[in-house]
Structures are given as structure tokens and as C-alpha cells.
């Protein structure tokens, strides 16, 4: 959960953030009230997806950048695999 604290500090400094996390952490992240969170359906420790799946990982990163660009705060979005 330390990534959430770092994101909050960065936001306070004027740097916009998106936390990419596995959906298993949804409830604790809701309690942290972070500006932007992208929840993925992957395993713990692999929020960007499967090892070696460069195309899938790029898709997650694109979704995170889209969220950064378009979301009102706070926003918690569930990533859906294309």
C-alpha cells in the first residue's frame, strides 16, 4: 500500500498519478481515496499482466495513460482485457 502513499505525496506536489494494482487490493485502495486507480484482473505481484506478454502489458499501460488523461478525480476503473 506504500505506492498509494507515494501517489498521494506526488499529487500534493502537483504531479498527477495513476496507481495500477491488482483487483484483489480494491477494498484497501478505496479506503485510501486515491486520485486515479486502474485495477487489473491479474495475479498478485503482476499488475501489468503475464510474464512475456508485451502486447498485453502495453495495453494495460495505455489504459493507465488514458485514465491519467481523461479521468475526473477520484476514479477507480476496472481494466478489461481486450
Checklist entry - Do we have residue 4 as at pLDDT below 90 and either in contact with a helix residue (DSSP H, G or I) (Cβ under 9 Å, 6 or more places away or on another chain) or in a strand (DSSP E or B) (or both) here? => result yes
Item to check | Filter result (surrounded by fewer than 16 Cβ atoms within 10 Å (Cβ to Cβ) and without any contact (Cβ under 8 Å) to a residue 40 or more places away in the chain) within the stretch 23-36 | outcome: 24, 27, 28, 31
Item to check | Test result for residue 46, in contact (Cβ under 8 Å) with a residue 40 or more places away in the chain, surrounded by fewer than 17 Cβ atoms within 10 Å (Cβ to Cβ) and either touching a helix residue (DSSP H, G or I) at 6+ places or on another chain (Cβ under 8 Å) or in a loop (DSSP other than H, G, I, E, B) (or both) | outcome: no
Next on the checklist: Restricting to the stretch 33-50, name every residue that is more than 19 Å from residue 66 (Cβ to Cβ) and at pLDDT 90 or above.
Outcome noted: 43, 44, 45, 46, 50
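The values are calculated or read from the model by the stated rules, or taken from the named source; none is laboratory data. Please read these numbers as outputs of a predicted model, since none were measured by experiment. Cβ: placed from backbone, ideal geometry, glycine included. Neighbour counts: every protein chain shown.
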